[in-house]
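The next block holds one structure in the form of structure tokens; read it before the comments.
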Amino acid sequence: MTQYTVAIKDIVREENLNCGNKARALSIMTSEDIRLPDGICITPDAYKEFITQTGLKGRILMELGRKDLKDMRWEELWDASLRIRNMFVRTPLYPSLREDIISGLPKPLQRKPVVIRSSSTAEDTQGTSFAGLHDSFVNVTGIDRILHHIKLVWASLWSDAALSYSKELSLDINNSAMSVLIQNMIVGTKSGIAFGEDPNDPKKAVIEAVYGLNKGLVDGDIEPDRWIVSGRTGRIVSQHQSAHARYTTVTTEGTILKKKNLAGTRSPLLNKNEISEIFSTLTTIQNIFGSKQDIEWTFRRGLLYILQARPITVRSSRDNNKQRVWDLSLRRSIDNLNNLSEKIEKVYLPAMTKAANKLSGRDLNKKSDEELAQEIAERKKAFDYWRAIYWNEFIPFAHGFRLFGQVYNDRLSPEDPYEFVDILATSHLLSLERNRALESFAKDIFKSSQGLPRSDSDPVLNDRLEKFIEKFTGVSCDITKCEDEKETLLNIARQLLHKSPSKKNRPGGREKKKKLFLNSFSKKDRAYAENLLDIGRKSYRLRDDDNIYLGRFEGLLTEAIEESRKRLGRRCKDTYTCSNPEEVIRALHFRTYKPKAVKESTHKDSHIKVQARQLRGQPASRGIAEGTARVLATAEDLGSVQNGEIVVCDAIDPNMTFVIPLVSAIVERRGGMLIHGAIIAREYGIPCVTGIPDATDLIKTGDYLTVDGYYGLVIVHDQKEAQEKRAAVHRLSTKKEDIS
Amino acid sequence: MLKKRPSLRSDIEKLLRKERLGVIATQGEPYPYATLVGFSFTKDLKHLFFATMRSTRKYRNILNNQHVSVLIDTRKNDIDDFKDAVALTILGRAAELEKADKKKYLTLYLKRFPHLKCFIEDPETALVEIQVDRYIFVRRFQEVKELSLI
């Protein structure tokens, strides 16, 4: 034992040492002669000293101080967690701590592959489930890699999942700490878990088994063989055999899922003696702890090893926060993402295009009211169906580029934790393609008409606009308003002709960074790295494009509702009255029925004298810009955007990206570094600050702003300052004109 | 749906209730002069009061220039301050209360500082009123909002 390390077997004897319940349980089992991998624990004091001595404590605190954690969306928590993780990765262990850990690490563990596990001092307490919040790593070899992974485990004290549960964990910079377990790696031929209590029948126990390591089982990627046994005697009550198609094994570093040669795997994975041994050990462990347990085990060379044990109440307890459960379900393994990718590319996107094409091009004018009602119902059904696919399949797939980003940062320790986006951004985004098309359309029109007249006074222009809109159905209007689409587009096109030259983001060394990333893997693991990059790129592109695919259905529905509005006349007193498809359908069926209005959100601060001076959010795209604010409250505001203004809005969605080439910065209420607005801002090389909760309330159109995309700050200047700054800008532009 | 935060006004009132000391800056020549005072305030947030001897530098400064600034904050002098501390800068105009008004607001002041009874009853002690023009509220290190009363 050194100052910061203790042998697992000794933890139980150290009454004043809190290495977390996971470590303590392992120590107790060792003292009771249960067979476990050998190892040591790095005490929580090492973590505390590290963050104090290196100044990380203050930096973490500042990161968490941006916003109340409870007000953060999952994306914002993920971003905060990524930045903190990068701080740990980039901060070296100072010499005395490094030496202490190395001298406490037994020589065999320094040479052989090890497992590095988290054991948080707040995990698995009070009968609440906190399993899986922190990171563990298997098959790590060599001192430097071990030390690197210790820091990753420490960083996972602040994982996105842990931040989600910050209240339950009482997560706090001064009191929370993380122990790290370093154990001998046991590469078993078959592994699994055992529950002392079947969730469906408390009198029974459950044993599950897979080939190889149990990571694939725990991650939910491999279906296991399952035995239901009597909780008292261990007698087998029923058994279920899986396909045995895949298994998890070790690679140069970490693990990999492999396909199994099915020959000779048709019989059950465990024989009766093995089931009996697992059950017997489970019973012994339950007697030691005096409660039902959930254990992880593995067989190596015929010997049963116990890897972990925790009270069963811990894992089986349910989280009633549905949003949080859904958010955390977004974290997917690479295998899961590969499956999703194939499904999205080969099944969903072609089917979406086909379905949208089938619905578009129908002449709504010629339909009777009854037929139009039927058309709305059909379009709504299609929209609802694809929206469900979007939430359940497309959004989880977006985790692909997050997974890539995390691996990139862990391996290359970049100064900017979002450097990885440069590599992903080579993909072709549909919204940018549309913007280029609009710019070219605007130039074309300008040449032919010498000045962009109103569409209603120029039939040729009107025809061209209609064709453009048809090509990009549903891109510049939303469910509430569509009738002004042509004028909106025309106004934006007019502005585009006079905009300053584009300063598009062209990050240097893209190829170099890609090579650095791929070369950080051994030859054996290069295929995994390329797979990860491929998934990252596809998911990054889809994160933008999926809105456009879905937007087509929304546009088609809006188009049919617009047609209905024209017919319903006075019964539709405003757009909000006739935005509910069910109400519109009813009104088309019954001549006297008046559609009910959908209530508008009226979130306004009652204190009219409150003025923001500085607002803090996330620095989502670097750069500094000054300009006049344009608050986008509704779709109609899009047409008012002037060249050089700063857009302030709830969230940039693909319907709004037409105006982005005009603006000098973006400020969003919705938070996140990888949300649509942030992606587009980076593509155009303009600053973007996201996650300012009351941005659209506190900032007014006409306010003069400075947007600091490095630090995530929006400064609202008072009138005097604004006048001075506007005058300076005016002087500068006059001078430029004189020179030219 | 996110829960709406308490209003800026209630954040300010909460801070004024919690803290009893603040730093007042008066306009000296040539240097601005900052010093610690105990303050009380009215419920409508329009007035702050503090007591001072007439022989002090801050009192002399106020006679020459009524514009003052007061800083009230919750710092504990540890690292958490950068996340948790809030600070309020108050901009206003200061003047000594006349006898009648002094009597009126003295009770309010002594309710907060009963141990200053002897000090406040000293004939050399003035009760100074600050008419607040503006509150500038800072939280989370860089988030700045302003409540204007003029």
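Read-outs: derived from the displayed coordinates by stated rules, not from any lab. Nothing here was measured: the structure is a model prediction, and the numbers come from that model. Here the Cβ is made from the backbone with ideal geometry for all residues, glycine too, and neighbour counts use every protein chain on show.
The table for this structure:
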{"read-out": "For segment A:350-409, size of Cβ-based charge dipole, Lys and Arg +1, Asp and Glu -1, in debye", "value": "220 debye"}
{"read-out": "Relative contact order (%) - chain A, alpha-carbon pairs under 8 angstrom, separation at least six", "value": "11 percent"}
{"read-out": "Under 13 Å, Cβ to Cβ, from B:Val23 - net charge with Lys/Arg +1 and Asp/Glu -1", "value": "+1"}
{"read-out": "Segment A:190-317: radius of gyration and largest Cα-Cα distance (Dmax), Å", "value": "14.3, 43"}
{"read-out": "Fluctuation leader among B:His67, B:His47, B:His115 - chain B, Gaussian network, Cα springs under 10 angstrom", "value": "B:His115"}
{"read-out": "Sum of side-chain charges, A:Tyr348 neighbourhood, beta-carbon under 11 Å (Lys, Arg +1; Asp, Glu -1)", "value": "-1"}
{"read-out": "Given chain B, longest segment not containing exposed loop GluC sites (Glu not before Pro) (DSSP; at most 13 other Cβ within 10 Å)", "value": "B:1-97"}
{"read-out": "Calculated FRET efficiency for the pair A:Lys609/B:Phe113, C-beta based, R₀ 25 Å, to 0.05", "value": "0.25"}
{"read-out": "When each of A:Lys380/A:Lys596; A:Lys9/A:Lys203; A:Lys190/A:Lys215; A:Lys609/B:Lys46 is checked by Cα-Cα distance, pairs over 21 Å", "value": "A:Lys9/A:Lys203"}
{"read-out": "Kirkwood Rh and Cα Rg combined as Rg/Rh, chain A", "value": "1.02"}
{"read-out": "Relative contact order (%) - criterion: Cα under 8 Å, at least six apart; region: segment B:42-139", "value": "43 percent"}
{"read-out": "Positive-end extreme of charge dipole, chain A - chosen from A:Ser360, A:Ser103, A:Cys649 (charges on Cβ)", "value": "A:Ser103"}
{"read-out": "Ranked list, fewest to most other Cβ atoms within 10 Å of each Cβ, for B:Asp84, B:Asp122, A:Asp33", "value": "A:Asp33, B:Asp122, B:Asp84"}
{"read-out": "Candidate aspartates and glutamates for bridging to B:Lys58, where Cα separation is under 16 Å - those fewer than 8 sequence places away on the same chain excluded", "value": "B:Glu29, B:Glu96, B:Glu124, B:Glu129"}
{"read-out": "Long pairs among A:Lys467/A:Lys566; A:Lys258/A:Lys354; A:Lys260/A:Lys343; A:Lys258/A:Lys523, criterion Cα-Cα beyond 28 Å", "value": "A:Lys258/A:Lys354"}
{"read-out": "Segment A:34-125: trypsin sites (Lys or Arg not before Pro) in DSSP loop, at most 14 other beta carbons within 10 Å", "value": "A:Arg35"}
{"read-out": "Within-13-Å neighbourhood charge of B:Leu63 [Cβ basis; K, R +1; D, E -1]", "value": "+3"}
{"read-out": "Computed helical MRE - 222 nm, chain A, DSSP H runs ≥ 4 contributing -39500 (n - 2.57), nearest 500", "value": "-13500 deg cm²/dmol"}
{"read-out": "Sparse-neighbourhood loop sites, GluC sites (Glu not before Pro) in segment A:30-112 - DSSP loop, at most 14 other Cβ within 10 angstrom", "value": "A:Glu32"}
{"read-out": "All Cα pairs of segment A:5-184, percent lying beyond 30 Å", "value": "16 percent"}
{"read-out": "Fraction of beta bridges assigned by DSSP in chain A that are antiparallel (%, nearest 5)", "value": "85 percent"}
